[in-house]
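Have a look at the structure below before the remarks.
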Amino acid sequence: MLQCIFLLSDSGEVMLEKQLTGHRVDRSICAWFWEQSISQPDSFKVLPVIASPTHYLFQIVREGITFLACTQVEMPPLMGIEFLCRVADVLSDYLGGLNEDVIKDNFVIVYELLDEMIDNGFPLTTEPNILRDMIAPPNIVSKMLSVVTGNTSNVSDTLPGATSSCVPWRTTQLKHANNDVYVNLVEEMDTIINRHAPCDGVLVKCEIFGVVEVNSHLSGIPDLTLSFANPSILNDVQFHPCVRFRPWESEQILSFVPPDGLFKLMSYRVKKLKNTPIYVKPQMSSESGTCRLSVMVGIRNDPGKAVDSLAVQFQLPHGVSSANLTANHGTVDILADKTCSWSIGRIPKDKTPQMSGTLVLEEGMEQLNVKPTFQVDFKIMGVALSGLKINKLDLKNLPTPAHKGFRAQTEAGQYEVRS
């Protein structure tokens, strides 16, 4: 049971406070939390559950906004974290993004949403479709009417029919002029490559975190079945509440009645991959107070589609006073916080992108003691690097035939190359 929710800005200001039970949580808990996060920023901010002297705290950070929930009673930690994630997703969907100004401009709607999403400390209504029927999303017309009439409430006078339905995530009596459904595989590749070894280095870690997104515009109450050609590669699967678990458990197929619009059907992880689409080869040598740096980037295993938005970034090591780096393709920028960013874009076919130059060390230093770690970013449209393939999508209970579409994309997650 959650007792209070706070929304904090990136400066530690309490933008919103929502007491959920009869037990009032004092704001001093936010001051304690922020002092701890400043004193130990790296380790403290990644902890989802924190034990304070008086409360257990759950935290997530989205777009610089900290969602902080408090409790003094025993409860499943994942319930608190998952609820905060759902609150952040709903607010981002309603308000078109999350930042301090948006939260303050739509203060009333945020409170109304929290009133419906949690009751006496327990999650209640968290489905976006039902919430949209209960509380109208903000727009210019509603804001003008609230100014003229003085009525700032967006809450509907009638209860949505879906609240009493066996499929509460779907609005009743939906009708679309054109029926269509699109399935999108969105994957992120997390990789660590150790360059201390000779040649191309050692692949320490390579795995995929993926999401199956569905954008559904279907009339009535459709029944969908989605199957994969190779479901055995999937690990750590998580499902939307619309998925029936028994068909997946017995046959590894997804059977569901979809919500209307865009939603995440499932997430998954594919572990222990052995190939990466690109290589990054850094070389460094120190001599007489300077360090020579060279970084080459190219295609290692051709994914069959173009690698776009390729970029390499690293932090200049401690002891480097200045840097002079150039590239034969793309642009190199050194930011005020000593972050070097090399934007490559798409890899050309006629040459291998290379960045080279010198790092000038501080006086008294002969060589670098710590070598940088390179962060790589890229995007590949039209391919899922995990190898996951959709077999077929069957649609039932539709008044008219529907159009089906499939696509995939892979981008870099935490992709690191250690020099």
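The values are calculated or read from the model by the stated rules, or taken from the named source; none is laboratory data. This one's a predicted model, so the numbers in the text were calculated from it and none came from an experiment. A quick note on method: Cβ atoms are made from the backbone with ideal geometry, for glycine too, and the neighbour counts reach across all protein chains shown. Accessible surface areas use protein heavy atoms only, side chains included; no ligands, DNA or RNA. Shrake-Rupley method; radii C 1.70, N 1.55, O 1.52, S 1.80 Å.
So which GluC sites (Glu not before Pro) in the range 322-419 end up in coil per DSSP with only 14 or fewer other C-beta atoms within 10 Å?
Loop-located and lightly packed - E362, E363, E366.
Report, to one decimal in Å, the Kirkwood hydrodynamic radius for the range 83-137 based on all distinct Cα pairs.
Averaging 1/r across every pair of different Cα atoms and inverting gives 11.3 Å.
So who's got an amide H within less than 5 Å of the one on T373, skipping anything under 5 residues away but keeping other chains? H placed 1.01 Å off N, in plane.
Q315
Evaluate the distance, in nm, between pseudo-label points positioned 7 Å from the Cα of A177 and of D190 along their respective Cα→Cβ axes.
4.5
Cα-Cα pairs above 20 Å in the range 4-149: how many percent?
Numbers: 5074 of 10585 pairs.
When every Cα pair of the range 4-149 is considered, 48 percent fall beyond 20 Å.
Set the Förster distance to 45 Å, then compute FRET efficiency between Q36 and I299 from the Cβ-Cβ distance, nearest 0.05.
The pair Q36/I299 has a calculated efficiency of 0.50.
State in Å² the accessible area per residue of the chain; use a 1.4 Å probe, count heavy atoms of protein chains only, and round to the nearest integer.
Value for the chain: 51 Å² per residue.
When the Karplus curve 6.51 cos²θ - 1.76 cosθ + 1.60 is applied with θ = phi - 60°, which whole-Hz ³J(HN,Hα) does each residue of the range 248-263 get, with x for Gly and Pro?
Running phi through 6.51 cos²θ - 1.76 cosθ + 1.60 with θ = phi - 60° gives 5, 5, 8, 10, 6, 10, 9, 10, 6, 9, x, x, 8, x, 8, 7 Hz.
Could you work out which residue, out of A336, A327, A31, moves most in a Gaussian network model of the chain, that is, has the largest mean-square fluctuation with Cα springs under 10 Å?
Looking only at A336, A327, A31, the largest GNM fluctuation is found for A336.
At 0.36 nm per residue, and after removing the present C-alpha to C-alpha distance, how many nm does the segment from L262 to E366 gain when stretched out fully?
Result: 31.8 nm gained on full extension.
Hey, what do the phi angles of the range 53-68 turn into as Karplus ³J(HN,Hα) couplings, whole Hz, using 6.51/-1.76/1.60 and θ = phi - 60°, x for Gly and Pro?
Couplings: x, 10, 9, 8, 10, 10, 9, 9, 10, 10, 6, x, 9, 9, 9, 10 Hz.
Taking 7 Å along the Cα-to-C-beta vector as the label spot, tell me the V202-Q315 distance in nanometres, rounded to one decimal.
Going by the 7 Å Cα→Cβ label model, 2.4 nm.
What is the gain in length, in nm to one decimal, between D26 and Q252 on full extension, counting 0.36 nm per residue of separation less the C-alpha to C-alpha distance?
76.5 nm is the gain from fully extending D26 to Q252.
Before anything else, pin down the relative contact order of the chain: Cα pairs under 8 Å, at least 6 apart, normalised by residue count, whole percent.
Over the chain, the number comes to 15 percent.
With θ set to phi - 60°, apply the Karplus curve 6.51 cos²θ - 1.76 cosθ + 1.60 along the range 329-337 and write out the HN-Hα couplings as whole Hz, x wherever there is a Gly or Pro.
Each residue's phi maps through the Karplus curve to give 8, x, 10, 10, 10, 10, 7, 5, 8 Hz.
Report the charge-dipole magnitude of the range 299-419 in Debye, nearest 20, computed about the Cα centre from +1 at each Lys and Arg Cβ and -1 at each Asp and Glu Cβ.
Magnitude of the dipole: close to 960 debye.
Name the residue, out of I193, I221, I38, whose mean-square fluctuation peaks in a Gaussian network model built on the chain with Cα pairs under 10 Å.
Residue with maximal mean-square fluctuation among I193, I221, I38: I38.
List the aspartates and glutamates whose Cα lies under 16 Å from the Cα of K175, skipping any in the same chain that are fewer than 8 positions away.
D133, D223, D260
Students often forget the sequence filter, so: which lysines lie under 19 Å Cα-Cα from K389 once same-chain residues fewer than 8 apart are removed?
K264, K271, K272, K274, K305, K379, K404
How long, wide and thick is the chain, going by the Cα atoms along their three principal axes, in whole angstroms, largest first?
Here the Cα extents, ordered largest to smallest, are 77, 56, 45 Å.
In the range 278-381, carbon and sulfur make up what percent of the accessible area (probe 1.4 Å)?
Carbon and sulfur together cover 44 percent of it.
Normalised by the number of residues in the range 4-149, what is the relative contact order in percent for Cα pairs under 8 Å and 6+ residues apart?
For the range 4-149, the relative contact order is 21 percent.
For M381 and T225, compute 0.36 nm times the residue count separating them, minus their Cα-Cα distance, and round to one decimal in nm.
Taking M381 through T225 to full extension adds about 53.7 nm, to one decimal.
Counting only residues 5 or more places away or on other chains, whose amide H sits under 5 Å from the amide H of L262 once H atoms are built in the peptide plane?
For L262, whose amide H was placed from the backbone, the distant partners under 5 Å are S216.
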